[in-house]
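S.K.: Quick one: the structure is below, and I'll ask about it shortly.
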């Protein structure tokens, strides 16, 4: 069964810093990988979708990379802002969707 | 606006009562999903449906039931057999195994 791990579980950084969130998965036979943001008590908002044939995707200050062979993805956030504070989850699509437990990010003003 | 709606946002029930959570989508997606989220844990799949009138159990289906009579709707019933029903419930939809879209969630509290 696919297992998805996100490290670290929590991260606190000062405003303006660049940061990297990590996602690893055990089975490289995936259709795509999706990064989400979740604010407290809310649903998940899709940030970036990387198809299995792609290496990276960018949206504004966010850049996600995918290395299927090593079972890894990273989400890079440039020039972090307090409004980026949230939990970030990754999910891989195989026979079903498999989610990591998330990284809780706090950006300190 | 296209999207997924879940109602109600908060739901309170007494132990022993069945309760139904609503999920509607107007994205014309074939697949719909129900997840449960508990504090400090990832999302766990309860049920999913890839087409009308068909659905499959996920990892934690015991104590739950679903129906898929219309493409737009995928209600979840939490039965009295579910031993620990208090949780945050999330509904999602997708077109095949492409991007998943989520609703705002329903927080169920059973006392």
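S.K.: From other protein chains only, count the Cβ atoms within 10 Å of every residue's Cβ in A:37-46, then give the mean.
M.R.: Mean partner shielding for this stretch: 5.
S.K.: Can you pull the mean other chain C-beta count within 10 Å for peptide B:41-50?
M.R.: Mean shielding by partner chains, rounded to a whole number: 3.
S.K.: What does the convex hull of the Cα atoms of chain B come to per residue, in Å³, rounded to a whole number?
M.R.: Hull volume over Cα atoms, normalised by residue count, gives 96 Å³.
S.K.: What number, in nm² with one decimal, is the all-direction average of the projected area of the convex hull of the alpha-carbon atoms of chain A?
M.R.: Computing the convex hull of the Cα atoms and averaging its projections yields 6.3 nm².
S.K.: Please report, to two decimal places, log10 I(q)/I(0) for segment B:1-41 at q = 0.14, 0.35 Å⁻¹ as given by the Debye formula with identical point scatterers on the Cα atoms and no solvent.
M.R.: After summing over all Cα pairs, the log10 values are -0.48, -1.23.
S.K.: Oh, and also: Once you've got the GNM for chain A with C-alpha springs shorter than 10 Å, pick whichever of A:94, A:43, A:60 has the biggest mean-square fluctuation.
M.R.: A:60
S.K.: Now a separate question. If you average 1/r across every pair of different Cα atoms in segment A:12-62 and take the reciprocal, what Kirkwood value do you get, in Å?
M.R.: Mean inverse Cα-Cα distance, inverted, gives 13.3 Å.
S.K.: Provide, for q = 0.15, 0.16, 0.17 Å⁻¹, the log10 of I(q)/I(0) from a solvent-free Debye sum over equal Cα point scatterers in the protein assembly as shown.
M.R.: With no solvent term, the Cα-only Debye profile gives -0.98, -1.09, -1.21.
S.K.: Then there's this: Evaluate peptide A:26-34: per residue, the Cβ atoms of other protein chains within 10 Å of its Cβ; return the mean as an integer.
M.R.: Rounded to a whole number, the mean comes out at 1.
S.K.: Bin width 5 Å, alpha-carbon pairs only: give the P(r) of segment B:18-71 as whole percents, running from 0 to the bin holding the largest distance.
M.R.: 4, 18, 28, 26, 16, 6, 2
A short reminder: the numbers here are calculations on the coordinates, not readings from a lab. Just so you know, these numbers come straight off a predicted model, no measurement behind them. In this analysis, Cβ positions are derived from the backbone assuming ideal geometry, glycine residues included, and neighbour counts consider all displayed protein chains.
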